[in-house]
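Q: My questions all concern the structure below.
Read-outs: derived from the displayed coordinates by stated rules, not from any lab. Just so it is clear, the structure is predicted and the values come from calculations on it, not from any experiment. Reconstructed Cβ throughout: ideal geometry from the backbone, glycine too, with neighbour counts over all protein chains shown.
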Amino acid sequence: MRLLLWWAGRALSSAVTLLGISVLIFAALRLMPGGFAETILGPFATPEQKAELAVRYGLDQSVFAQYGHWMAAVGTGDFGTSMISGQPVAAELWARLPVTAQLTLLAVAAAVLAGVPLGVLTALRARPGGGGVAGRLLSGLGVSVPEFALGSLVVFVVSRYGLQTSGYLLPAAVLSIFAISATARTTRDAVLNVLVEPHVTAAVARGETPWFIVRHHILRNAAGPVLTLTATITAYLLGGALIVEYLFNLPGIGSYVVQAVGRRDYAVVQAGVLLAATVFIVMNVLIDLLVGLVDPRLGRRA
Amino acid sequence: MSALLEVDGLEVDYGTARALDGADLRVAAGEAVGVVGESGSGKSTLGAAIGRLLPRQAVVTAGTVRVAGEPVLDLPPAALRRLRGQRLGFVFQDPIASLDPTMRVGNQLKLVLRAQGREGREGRDGHDSGGGRGGRGGGINADVAFHLGRVKLDDPRVATAYPHQLSGGMAQRVAIALAMAASPELLVADEPTASLDSQVREEVLNVVFSLAREEGTSIVWLSHDLPAVARRCDRVAVMYAGRVVESGPATEVLGNPVHPYTAALARSAPAAATPGVRLEPVPGRPPVLTGPSAGCAFAPRCPFAEDRCTTERPEPVRVGTQDVLCHRAAELEVIA
């Protein structure tokens, strides 16, 4: 019963969040300077041509009516058609999902496989006061260097020296620099927090080896924040790694949405944003469930 | 007789603060020794040093710790782990926090028993070191039930509970079961009952002491409660400002204290009070040392202090049955 209530609450709050996001993105698009008609017809179009186009796409109606139509359609699972290509948006997004999904999978796998061990190692080697400066500097750099800077650099180097690379490797590498750094840092902090807990001292006092203690008493205890971060990164990338996809010219969801923004392809942008938001919300619910499973103290509360 | 535990002249600093200022302690096999002192007297540091469990910022500047002849502070990591796993057991203040919050009690016990099963082969003289598997069939679950039963936790629900679902007293008994699973030679208990209410306190202490007697395990019990310690322990060591100022048979130390600090402590204990007679708190505050004490650290609070007490460090003298760190011990004994 309590579980049912919990789910109902989660579903309701998720719906409210999505509704708010739909309003925001709808309003933001209409508020952008320049409209669909100007983009399509160019600067020399006559007012009559513009008006005709507006009627064809329903843009002559009030903003509220447009929003109402859109919501009603979304309610039936219809995300509209791209005003540029004339194809259903849902199908177009679906077709681009594999690209984004592969990119996400590669980057997240790298983040977990490299970031978690790095974080555990740096935490175990950490000394009070000095030390670990190099590690902190590197992870700080990794977290703070923007994707467009690193991505542009990589694109430049590769094209300048004519290196041959296969599809997803480079963009995934650029994305995983951030993901690895953030994961390593979060893991390190989480492990450091667990290391000072009395139950770890008790394990040391029982003569357990460091590896045994890490495996049995630390990883699970430190998993909460790391899981949360990993899921957040996954959701963020699944919603479209906008800049990186665009830079490397990958036909994923991110570059599709970026393009659509430029062309004022309202239906596509709206659907893309809703998709990203939904992925985020679903991911967050999954995290809560997972963290509750890993740490029974938190599970009780949920 | 060679002692099981020998701590000699141990000095430990935390940054600029001095926690131990030349502490000495002897514990014989099978003996229960209470280490008594106020907060900040260094008893917890002494307890941690026995297993080399000092926090990272602690620096040992002098002294030795020997357990069964092994130099604890100089052992290589593997030998240190073996010593901790086979000869030493520790019980800490906060029972619930000293259990892994993500693991059911039974699984924690299994983990410890399995680890011992592996180490057991190189263990000591066949003394039931194989995770307690000697003669009891029924596999690991039976072993878990056996070890929980030893600490009077017979309810089968305990094994499947998480630590946060237990009461403090139950959690501390689980911690005792974990520490005693390897049948250690020496159990160090750092105020194991500080966070428990008085009814549960007695039960937990009964469990510790009866289990230790059964196994022939020596106990070092760190506490601030002199009368309680004196009731259960064979010997008592009183700590003040990082040194053991008086040690001897429990009844003697409580009944005929020689060191002025021990005497003051005994007078200030509520349990020892005669009804109608006002309790006498020890005047003044314990010092915070930043280096070796020049003389006797208790001198500023001591009604018997004379000039050399502030300038000359007292060396242990034997008075009756007690070892005492006091320049005037012999005279004071006569006064008493």
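Q: Summing +1 for each Lys or Arg and -1 for each Asp or Glu, what net charge is found among the other residues whose Cβ lies under 12 Å from the Cβ of A:Val116?
A: +2
Q: While we're here: Using only Cα positions of the protein assembly as shown, each an equal point scatterer, no hydration layer, compute I(q)/I(0) via Debye at q = 0.05, 0.11, 0.12 Å⁻¹ and quote the log10 values to two decimals.
A: Computed log10 I(q)/I(0) values: -0.39, -1.07, -1.19.
Q: To continue, here is another question. State which helices in chain A qualify, where a helix is a whole DSSP H run, it must extend 20 Å or more along its own axis by its Cα atoms, and its mean Kyte-Doolittle hydropathy must be at least -1.0.
A: Counting only whole DSSP H runs, the qualifying helices are A:2-31, A:89-110, A:169-195, A:219-238, A:266-294.
Q: Using a Förster distance of 60 Å, how high is the FRET efficiency between B:Arg231 and A:Leu4, based on the Cβ-Cβ distance and rounded to 0.05?
A: Approximately 0.65, to the nearest 0.05.
Q: A follow-up question, please. Using all C-alpha to C-alpha distances in chain B, build P(r) with 10 Å bins and read off the rounded percent in each one.
A: 6, 25, 32, 23, 11, 4, 0
Q: Taking amide H positions as placed 1.01 Å from N in the peptide plane, with prolines and chain starts having none, which residues 5 or more places from B:Ala237, or on another chain, fall under 5 Å of its amide H?
A: B:Gly34, B:Val35, B:Val36
Q: B:Lys43: which aspartates and glutamates have alpha carbons under 14 Å from its alpha carbon, excluding same-chain residues fewer than 8 sequence positions away?
A: B:Glu11, B:Asp13, B:Asp21, B:Asp24, B:Asp190, B:Glu191, B:Asp225, B:Glu246
Q: Just tell me the longest site-free run in chain B, where the sites are GluC sites (Glu not before Pro) in a DSSP loop having at most 14 other beta-carbon atoms within 10 Å.
A: B:1-305
Q: Turning to a different aspect of this structure: Rounded, prolate or oblate: pick one for the range B:161-201, where a ≥ b ≥ c are the square roots of the eigenvalues of its C-alpha gyration tensor, a/c under 1.5 means rounded, and failing that, prolate if a/b is larger than b/c, else oblate. Display every interim value, and only then the final one.
A: Working: a/c = 2.83, a/b = 1.32, b/c = 2.14.
Cα axes put the range B:161-201 in the oblate bin.
Q: Here's a follow-up. Could I have the simple spin-label model distance between A:Val16 and A:Leu153, label points 7 Å from Cα toward Cβ, reported in nm to one decimal?
A: 4.4
Q: Could I ask something else about it? To the nearest 500 deg cm²/dmol, what mean residue ellipticity at 222 nm is calculated for chain A from DSSP H runs of n ≥ 4 alone, each contributing -39,500 (n - 2.57), summed and divided by the residues?
A: Per the formula, -24500 deg cm²/dmol.
Q: Shape verdict for chain A, please, from the Cα gyration tensor: rounded (a/c under 1.5), prolate (a/b greater than b/c) or oblate.
A: It comes out oblate by the Cα gyration axes.
Q: Can you list the chymotrypsin sites (Phe, Trp or Tyr not before Pro) in the range A:1-58 that are in a DSSP coil and have 14 or fewer other beta carbons within 10 angstrom?
A: Of the chymotrypsin sites (Phe, Trp or Tyr not before Pro), the ones in loops of the range A:1-58 whose Cβ has at most 14 other Cβ atoms within 10 Å are A:Phe44.
Q: I've got another one for you. Rounded, prolate or oblate: which fits the range A:120-239 when a ≥ b ≥ c are the square roots of the eigenvalues of the alpha-carbon gyration tensor, with rounded for a/c under 1.5 and prolate only if a/b beats b/c?
A: Prolate shape, in that a/c is at least 1.5 and a/b is the bigger ratio.
Q: Please enumerate, by chain and number, the aspartates and glutamates with C-alpha under 13 Å from the C-alpha of A:Lys50, excluding those fewer than 8 residues away in the same chain.
A: By straight Cα distance, A:Lys50 reaches A:Glu38, A:Asp60.
Q: Dividing the alpha-carbon radius of gyration of the range A:22-69 by 2.2 N^0.38 Å (N being the number of residues), what value is obtained?
A: Against the compact-globule rule of thumb, the ratio is 1.20.
Q: Could you give each residue of the range B:55-60 its phi-based ³J(HN,Hα) in whole Hz, using Karplus coefficients 6.51, -1.76, 1.60 with θ = phi - 60°, and x for Gly or Pro?
A: Result, ordered by residue: x, 4, 7, 6, 10, 8 Hz.
Q: Just to verify a number: FRET efficiency for A:Thr76 and B:Ser39, C-beta to C-beta distance, R0 = 56 Å, to 0.05?
A: On the way: r = 70 Å, r/R0 = 1.25.
After rounding, the FRET efficiency stands at 0.20.
Q: Ok, one more. Mind checking which lysines have their C-alpha under 22 Å from B:Lys152, skipping anything on the same chain fewer than 8 residues away?
A: Within reach: B:Lys110.
Q: Next question, about the same structure. Residue by residue through A:206-214, how many Cβ atoms from other chains fall within 10 Å of the Cβ on average?
A: On the way: counts 16, 18, 6, 5, 2, 0, 3, 1, 0.
For peptide A:206-214, the averaged partner shielding equals 6.
Q: Are there trypsin sites (Lys or Arg not before Pro) in the range B:1-86 that DSSP marks as loop and that have at most 14 other Cβ atoms within 10 Å, and which are they?
A: B:Arg56
Q: Report the extension gain between A:Val282 and A:Gln61 in nm, rounded to one decimal, defined as 0.36 nm multiplied by the number of residues separating them, less their alpha carbon distance.
A: Numbers: separation 221, 0.36 × 221 = 79.56 nm, distance 3.37 nm.
Taking A:Val282 through A:Gln61 to full extension adds about 76.2 nm, to one decimal.
Q: Any idea how far apart B:Arg285 and B:Ser198 come out in nm if each label point goes 7 Å out from Cα toward Cβ?
A: 2.9
Q: Gain in length, A:Ala114 to A:Met32, computed as 0.36 nm per residue apart minus the alpha-carbon separation, to one decimal in nm?
A: Using 0.36 nm per residue and subtracting the Cα-Cα distance, I get 25.4 nm.
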